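Okay, so here's the structure we're looking at.
What follows draws every value from the coordinates through simple rules; no lab data is involved. This structure is a prediction, so every number in the text was calculated from the model and none was measured. Every residue, glycine among them, receives a Cβ derived from its backbone with ideal geometry; neighbour counts consider all protein chains shown.
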């Protein structure tokens, strides 16, 4: 049986938050994300930035059928009554030029940030988070260099897990483990979380939902609920709000025991 068809029942949530899918890169797990969207019902869907990787597409074109399927599933949700809000990040910053127009495209609302109200009345700031990353904000060339190094780590990660798969072991993120071992990276994550929580508290919010750093997390920071929905490159996580108001981080790859070794996809030519 195909692993992507293991779950027969659909998952029903009040709200789903996803970010950092990086469509247009080889590292994007488009087939996993499309499967998650197919098997998920929700009243609201927040796309919290870096959905399409404009940085990578400007360097070289890569797009496969799974990326098309992700976009199709998002559009189907918008047409089916789900409120879809798209908050551009730094990798899809090309859409930020359209923000002053307040556009709604095919039922998808384009916003700089959003305010989400939970079942129990709490107000959450929803933002990608790159504005609170000093490297991205003040030294973009360093961010681009870091992006290249991260891409190399992801390629190594795929081949590492190909070997693990042959040996019968489940997926384990080498790239995420390497990131945790670098003290500077751990400190940067802590600073990022503190900065976002401080801003949310200053503006009177009860919590903040973000992405950007590819590190799924739910914890309280200085009396503010900090929630990062992770990514769909090295972990395949989403943040969901249940109908009773409970929040949960869903690890789709772990839940379905999916292999991260890259299968063969049909590439879509740039002209398409």
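Ranking request for peptides 188-200, 15-27: highest mean number of other beta-carbon atoms within 10 Å first, then the rest in descending order.
The peptides rank, most packed first, as 15-27, 188-200.
Ranking 98, 63 by Cβ neighbours within 10 Å, fewest first, what do you get? If you can, show how the numbers build up before the last one.
On the way: 98 12, 63 20.
With the fewest neighbours first, 98, 63 line up as 98, 63.
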